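The values are calculated or read from the model by the stated rules, or taken from the named source; none is laboratory data. As the structure is a prediction and not an experimental result, all values here were calculated from the model. So basically every Cβ, Gly included, is an ideal-geometry build from the backbone, and we count neighbours across all protein chains shown. Just so you know, the surface numbers come from the protein's heavy atoms only, side chains and all, with ligands and any DNA or RNA stripped out. Shrake-Rupley method; radii C 1.70, N 1.55, O 1.52, S 1.80 Å.
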Amino acid sequence: MAEGGRGAASVASGMKELEAQVKTCQLCRLAKTRTNAVPGEGNIGAEVMFIGEGPGYHEDKQGRPFVGAAGQFLNELLQIAGLSRESVYIANVVKCRPPNNRDPEPDEKAACAPYLERQIALINPRVIVTLGRHSMAGFFPGERISQIHGTASVVDGRLCVAMYHPAAGLHQASLADIIRADFRKLPIYLEQAQLMASPPKEVVREQVAQAESARESVIHREETAVVLEAAAEPVIELKDQAQVAVVAEAPAVYSLAPEPEQPAVEQAAPEAVPVMEKAKAPTRARKPRATKEEYKQLSFFDL
Ligand code: URA
Ligand code: SF4
């Protein structure tokens, strides 16, 4: 079913491309401390997709999701639900391990979100199972896991089930049986989901495209910021900070990924035009002031 009218081959190649992007991704600070990024794994035609929080120690070492102690418990839970590990797809909210297993930061989750959105759109599962609070928050904003664990809701036309994170059952023995009981309900949810219409093919294609363009816009902003950082030190020290914002307005010159609708700017501007001259161009509209720190924040994670 997951093809939803798309060829399995195009889903496979879309996922391969995504995996390659994740493995070399530098879009947030977690890239600096990871050993291996963990894109996710499983059946790209899965009816059920599980979404954890982020890789832990063993996942980071192996580049695979849920291979440590929590993964062992997840395997047991899958069995209880009558699902083989090979039949499902398993991904995480962030693809790189937060150091010392700390919670992922909001900006890290935002930077990584387009990957997960694309995975969901590609796989198009009937049921999404969130594992733990961070995963739940993306589908059930404002809810508490202690209130909604084991329950399902339709989110964006898809049945989503909120589960405790398997690690919670390892840390708190009293939760383990509660989690097992919640997983016993999964076959019923899957049956319910099979009765619901899956999102039409065009909608799914649009979702894939949107997630990809969200990632590109993060990359574009990062590249712009990096080039500005390298080139604009003297400009940023100017008292008239409006000029800093004007520099940011010229992506075709200062970014590695020019906007397609502005090709003329790149041709018109000799490569050697100093940042200052560009900033002084009289025809450009002035933007509100932004400090260097504010600009950096906006540039990296303003999704
Ligand atoms: N915990 C998670 O949330 N994800 C993993 O992949 C492993 C442990
Ligand atoms: Fe890793 Fe995701 Fe951050 Fe990229 S955005 S470095 S894949 S956690």
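Can you list the helices (runs of 4 or more DSSP H) found entirely within region 1-106 that contain at least 1 residues being over 25 Å from A162 (Cβ atoms), of a type in the set (A, V, I, L, M) and away from ligand 2 (no atom under 16 Å from the Cβ)?
Output list reads 8-23.
Among the residues of region 113-125, count how many are open to solvent by less than 10 Å² (accessible area, probe 1.4 Å) and either within 15 Å of ligand 1 (Cβ to nearest atom) or of a type in the set (F, W, Y) (or both).
2
Here are the criteria: (1) in contact with a helix residue (DSSP H, G or I) (Cβ under 7 Å, 6 or more places away or on another chain); (2) touching a residue at least 12 places away in the same chain (Cβ under 8 Å). Tell me which single one L175 does not satisfy.
The failed condition is (2).
State the number of residues belonging to region 130-154 that are hydroxyl-bearing (S, T, Y) and either within 13 Å of ligand 1 (Cβ to nearest atom) or under 22 Å from the mean Cα position of the chain (by Cα) (or both).
So the answer is 3.
So is A110 open to solvent by 10 Å² or more (accessible area, probe 1.4 Å), in contact with a helix residue (DSSP H, G or I) (Cβ under 7 Å, 6 or more places away or on another chain) and of a type in the set (A, V, I, L, M, F, W, C) or not?
yes
When both residues are 6+ apart or on different chains and their Cβ atoms are under 7 Å apart, which pairs have a first residue that lies in region 147-160 and is touching a residue at least 12 places away in the same chain (Cβ under 8 Å), and a second that is acidic (D, E) and surrounded by 15 or more Cβ atoms within 10 Å (Cβ to Cβ)?
Hits for this filter: H149/D182; G150/D182.
Quick check on my filter: what residues within region 78-87 are open to solvent by less than 40 Å² (accessible area, probe 1.4 Å) and over 25 Å from the mean Cα position of the chain (by Cα)?
If the condition is that a residue be open to solvent by less than 40 Å² (accessible area, probe 1.4 Å) and over 25 Å from the mean Cα position of the chain (by Cα), then A81, L83 are the ones that fit.
Please go through region 89-103 and pick out each residue that is of a type outside the set (K, R), farther than 27 Å from Q192 by Cα and open to solvent by 10 Å² or more (accessible area, probe 1.4 Å).
Of everything in region 89-103, those that are of a type outside the set (K, R), farther than 27 Å from Q192 by Cα and open to solvent by 10 Å² or more (accessible area, probe 1.4 Å) turn out to be C96, P99, N100, N101, D103.
On the basis of being under 23 Å from E105 (Cα atoms), free of Cβ contacts under 8 Å to residues at least 12 places away in the same chain and not polar (S, T, N, Q), does G138 make the cut?
Spelling it out, it is not the case that G138 is under 23 Å from E105 (Cα atoms), free of Cβ contacts under 8 Å to residues at least 12 places away in the same chain and not polar (S, T, N, Q).
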